[in-house]
Amino acid sequence: MEDKLTQLKQIFGEIADLNAAAALLSWDQNTYMPPGAAESRGQQLATLAKLAHIKSTSPEVGKLLDDLMPWALDKNAQNDEDFDARLVIVAARDYEKATRVPPEFVAEMAQVTSRAFEAWVEAKGKSDFAIFRPHLEKIVEMNQRFVNFFPPADHPYDVLLDQYEPGMKTADVKAIFDALRPQQVALIKAISERPQVDDSCLRQHFPEKDQWEFGLEVARAIGYDFTRGRQDKSPHPFTTSFGADDVRITTRVDENFFNTMFFGTLHETGHALYEQGMHSYIKRTPLEGGASLAIHESQSRLWENLVGRSRPFWEHFYPKLQQRFPAQLGSVSLDTFYKAINKVQPSLIRVEADEATYNLHIMLRLELEIAMIEGAVAIKDLPEIWNAKMQDYLGITPPNDAKGVLQDVHWSNGMLGYFSTYALGNLISAQLWERFQQFVPELEDQIRQGEFSPLLSWLRVKIHQVGRSYEPQDLMMRVTKSKIDPAPYLRYLTRKYSEIYGI
Ligand code: ZN
């Protein structure tokens, strides 16, 4: 068995290298690549994707997994934390899914999305949905074809969701959202009836260089290891990993609004901490990476919001921020600043939405995606439907496509089924926070003193190190003794905003 396991790991190592090379090309495409290279970059990515797919779906891998499975199940029954046993079990599940998708399809998808991404950049720049429309039509059609490679599910959207949130069903997500929606809407209404918060202190001129350096200082303080990472600029911030030893983040800068870059950086740092925290034993194996996108998002949201928008965090960092921006913030009190960064106001852009309204942006996208997959909407009508839903849910209408239907990069990357993981990530972040506080009630004092390592160490052991060893709901059971549950998040929101708005 040892020989077969070694052989399997050898192949997985090579696949991981191909995927890392593709991720590096894709990082370059999103940061420094000249636009003229789009076509050839598409070909390069398609070739790498095809090679990785052929390798990971080869009969040789299938045979090795079959041979190793009885041994792995036995070992797992004795100890369900054994990485080798988990590797075989998780890889077999991946193999079963991947062998359903022909390599020609994978290559075609890579090429379609490479062109679609360039079109999306142009369409967003010109705020003209018509430029992106034919690409999105193609992407929806490809996603429908993708669904048909799998056995019929309760809903076709289940197949798309399962790529990002293994084991999760469309009906489960709808049930969670149905529980959330009325309470979030009630909270927003209660807030709207109170005197509003003034956030003008954030809307001053903050020079890019100082914003950049402050962001890096905080990222470093909470644990991001820059000997194994870096930060660059891109139109849509993201984190990418080429293995735990090279995990990069990107950000965008708005010199006239403090939140865009700072909280973007904290958010991506949360993702990067997760990737940098993978156990060295699972390096270059399919266990390396996030358990799911919602678990990934829980890490970014935890650092961005539970930590980064808390009063104790700013009791520590605000004097440093004032030193960096004395003209802008020298005479602004901590209390004014704290309320400003937590201002609740229905707004157009999801990534800049406050915690109280954020999930409503997600619910809108989930409904549109389900309708697209069902063929219940014509793509040409999307901008109009988007705007109407924004008006329904948040009481505002985007003035143009760039601030409406074109704002997110996801569809141009071919990804449908992704958005609900953001809202689930919010819920998980609050669940993990409550759980950690049961062990460490002095968490807020630690943060006030700029001590982040107890929290990070706990996340490392419970979440980061095990990578993809467990499906998200299983992982949540192991760590919090509960499946994904909206209650802690609602408790957190209510407590926080009651204090800020005096509800
Ligand atoms: Zn994120």
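Here are a few things to note about the model shown:
- Of the peptides 27-40, 249-262, the ranking by mean beta-carbon count within 10 Å, highest at the top, reads 249-262, 27-40.
- Nonlocal amide H pairs with G229, under 5 Å, H built at 1.01 Å: V247
- Phi-derived couplings, Karplus 6.51 cos²θ - 1.76 cosθ + 1.60 at θ = phi - 60°, listed residue by residue for region 140-157: 5, 4, 5, 5, 5, 5, 4, 4, 6, 6, 10, x, x, 9, 4, 9, x, 5 Hz, with x used for Gly and Pro.
- In terms of the mean number of neighbouring beta-carbon atoms within 10 Å, the peptides 268-281, 208-221 order highest first as 268-281, 208-221.
- Vicinal HN-Hα couplings computed from phi for region 298-309 (Karplus, 6.51 cos²θ - 1.76 cosθ + 1.60; Hz; Gly/Pro x): 4, 6, 5, 5, 4, 6, 5, 9, 4, 8, x, 10
- Descending by average beta-carbon neighbour count within 10 Å, the peptides 460-466, 139-145 line up as 460-466, 139-145, the highest first.
- Three-way shape call for region 91-196 based on the alpha-carbon gyration tensor, with the a/c threshold at 1.5: oblate
- Accessible carbon and sulfur surface of the chain relative to its total accessible area, %, 1.4 Å: 52 percent
- Per-residue ellipticity at 222 nm, computed for the chain from helices alone with -39500 (n - 2.57) per DSSP H run of at least four residues, works out to -20500 deg cm²/dmol.
- In this structure, the pairs whose alpha-carbon distance is over 23 Å, taken from K209/K320; K55/K233; K233/K403; K75/K283, are K55/K233.
- Straight-line cross-link partners of K4 among the aspartates and glutamates, defined as a Cα under 14 Å from its Cα and at least 8 positions apart when in the same chain: E60, D66, D67, D84.
- Over the chain, Cα pairs under 8 Å with separation of 6+ residues give a relative contact order of 20 percent.
- Considering only beta bridges that DSSP places wholly inside the chain, some 40 percent are antiparallel.
- Under 5 Å from the amide H of G467 lie the amide H atoms of H279, each residue being 5 or more positions distant or on a separate chain, with H modelled from the backbone and absent for Pro and chain starts.
- Per-residue HN-Hα couplings for region 408-425 [Karplus 6.51, -1.76, 1.60; θ = phi - 60°; Hz; x = Gly/Pro]: 9, 7, 3, 5, 5, 8, x, 8, 10, x, 8, 4, 4, 5, 5, 5, 4, x
- Per residue, the chain exposes an accessible area of 40 Å² to a 1.4 Å probe, with every protein chain left in place.
- Dipole magnitude for the chain: about 580 debye, using +1 per Lys or Arg Cβ and -1 per Asp or Glu Cβ, origin at the Cα centre.
The values are calculated or read from the model by the stated rules, or taken from the named source; none is laboratory data. Everything numeric here is computed off the predicted structure, so don't read it as measured data. All Cβ positions, even for glycine, are placed from backbone atoms using ideal geometry, and neighbour counts span all protein chains on display. Heads up: the accessible areas ignore ligands, DNA and RNA and are worked out on the full protein's heavy atoms, side chains in. Shrake-Rupley method; radii C 1.70, N 1.55, O 1.52, S 1.80 Å.
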